[in-house]
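The values are calculated or read from the model by the stated rules, or taken from the named source; none is laboratory data. On a predicted model such as this, the values are computed, not experimentally measured, just so you know. Heads up, the Cβs are rebuilt from the backbone with ideal geometry, glycines too, and the neighbour counts pull from every protein chain shown. The protein model used for the area step is the full one, side chains on, heavy atoms only, and it has no ligands, DNA or RNA in it. Shrake-Rupley method; radii C 1.70, N 1.55, O 1.52, S 1.80 Å.
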Amino acid sequence: MVLVVVSGWAAYASVAASGWSAEAAAWVQAAGAIAAIAGATWVAQTEVRRMRRVRRELNEEAAWHVRFALVQAQFESQFVAAELLNRDKPITNANLREWKQRATVSLVALTAFLTRTDPIHPAVTHVLSNAKVLVEGLVDDIEILERDVRAGKEPDAGLVDDIVSPHLSLLELVKLFDARMRGVRIALDEGDDGLPMRNWSEWSEDASGQK
């Protein structure tokens, strides 16, 4: 912008001093060229900021989708645990079918997010992987319980604990997910919608000189 002002002032001064001449025309042309370059640079920077903002909004929306799947998996596992512990009748095939269906649907939803082809923050992937492992274990334990019930065996206390415990672990995962997303949001705010990697001490030039 300073170059545009200087060249424009020079063109004006040249015209004022000697009228419209070749020199004045050259200054006007230079001012126009510099103004075009400055405008193109401004447009490019604006587009970059807009794209970063759009990318952030899409990733935040995806993170909320993941959170829904996590909360739903926690709800389903808590439902199974509550019915298993608070039953006053023997476990029926209908109970087992419903419990297995609830856990399996949650597992399918979590797996679907993990197989996405678009890049998401590694914190999201890490929490999703933990949740998937927990729900996979819940599905397997319900299948073991199903075999025991069909064989006429009483549910093993250890197996019952294994079926009950995932809902507490999933609840902690939801809290961890929220905490990590708050940290990501703060980092994005500091980096103008991009992660401020240059400011990370581990990747700074000072740190590299010390290692």
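Just give me the residues in the range 40-89 being β-branched (Val, Ile, Thr) and either in contact (Cβ under 8 Å) with a residue 24 or more places away in the chain or open to solvent by 100 Å² or more (accessible area, probe 1.4 Å) (or both), in sequence order.
VAL66, VAL71, VAL80
Within the range 139-154, is even one residue surrounded by 12 or more Cβ atoms within 10 Å (Cβ to Cβ), at pLDDT below 90 and on the phi < 0 side of the Ramachandran plot?
Within the range 139-154, not a single residue is surrounded by 12 or more Cβ atoms within 10 Å (Cβ to Cβ), at pLDDT below 90 and on the phi < 0 side of the Ramachandran plot.
Consider GLU57 carefully, then state whether it is at pLDDT 95 or above and among the acidic types (Asp, Glu). Give the derivation first.
Working: at pLDDT 95 or above: no; among the acidic types (Asp, Glu): yes.
Against the criterion (at pLDDT 95 or above and among the acidic types (Asp, Glu)), GLU57 does not qualify.
State yes or no: is ASN95 free of Cβ contacts under 8 Å to residues at least 40 places away in the same chain and either at positive phi or surrounded by 18 or more Cβ atoms within 10 Å (Cβ to Cβ) (or both)?
yes
Among the numbered criteria (1) under 30 Å from ILE186 (Cα atoms); (2) surrounded by 15 or more Cβ atoms within 10 Å (Cβ to Cβ); (3) without any contact (Cβ under 8 Å) to a residue 24 or more places away in the chain, which single criterion is violated by THR111?
Going through the list (1) under 30 Å from ILE186 (Cα atoms); (2) surrounded by 15 or more Cβ atoms within 10 Å (Cβ to Cβ); (3) without any contact (Cβ under 8 Å) to a residue 24 or more places away in the chain, THR111 breaks only (2).
Is it the case that some residue within the range 185-196 is modelled with pLDDT of 90 or more, of a type in the set (Lys, Arg) and either in a helix (DSSP H, G or I) or closer than 19 Å to GLU83 by Cβ (or both)?
no
I'd like to check something: does the range 77-87 contain any residue that is modelled with pLDDT of 95 or more and under 16 Å from LEU128 (Cβ atoms)?
Checking the range 77-87: at least one residue is modelled with pLDDT of 95 or more and under 16 Å from LEU128 (Cβ atoms).
Tally time: how many residues in the range 115-138 are in a helix (DSSP H, G or I) and either surrounded by 15 or more Cβ atoms within 10 Å (Cβ to Cβ) or touching a residue at least 12 places away in the same chain (Cβ under 8 Å) (or both)? Steps first, please.
Filtering the range 115-138 down to residues in a helix (DSSP H, G or I) leaves 122-138.
Add one more test, that the residue is either surrounded by 15 or more Cβ atoms within 10 Å (Cβ to Cβ) or touching a residue at least 12 places away in the same chain (Cβ under 8 Å) (or both), and what stays is 123-125, 127-132, 134-138.
Qualifying residue count, the range 115-138: 14.
Of all residues in the range 155-175 being over 30 Å from the mean Cα position of the chain (by Cα) and part of a loop (DSSP other than H, G, I, E, B), which is modelled with the lowest pLDDT?
PRO155
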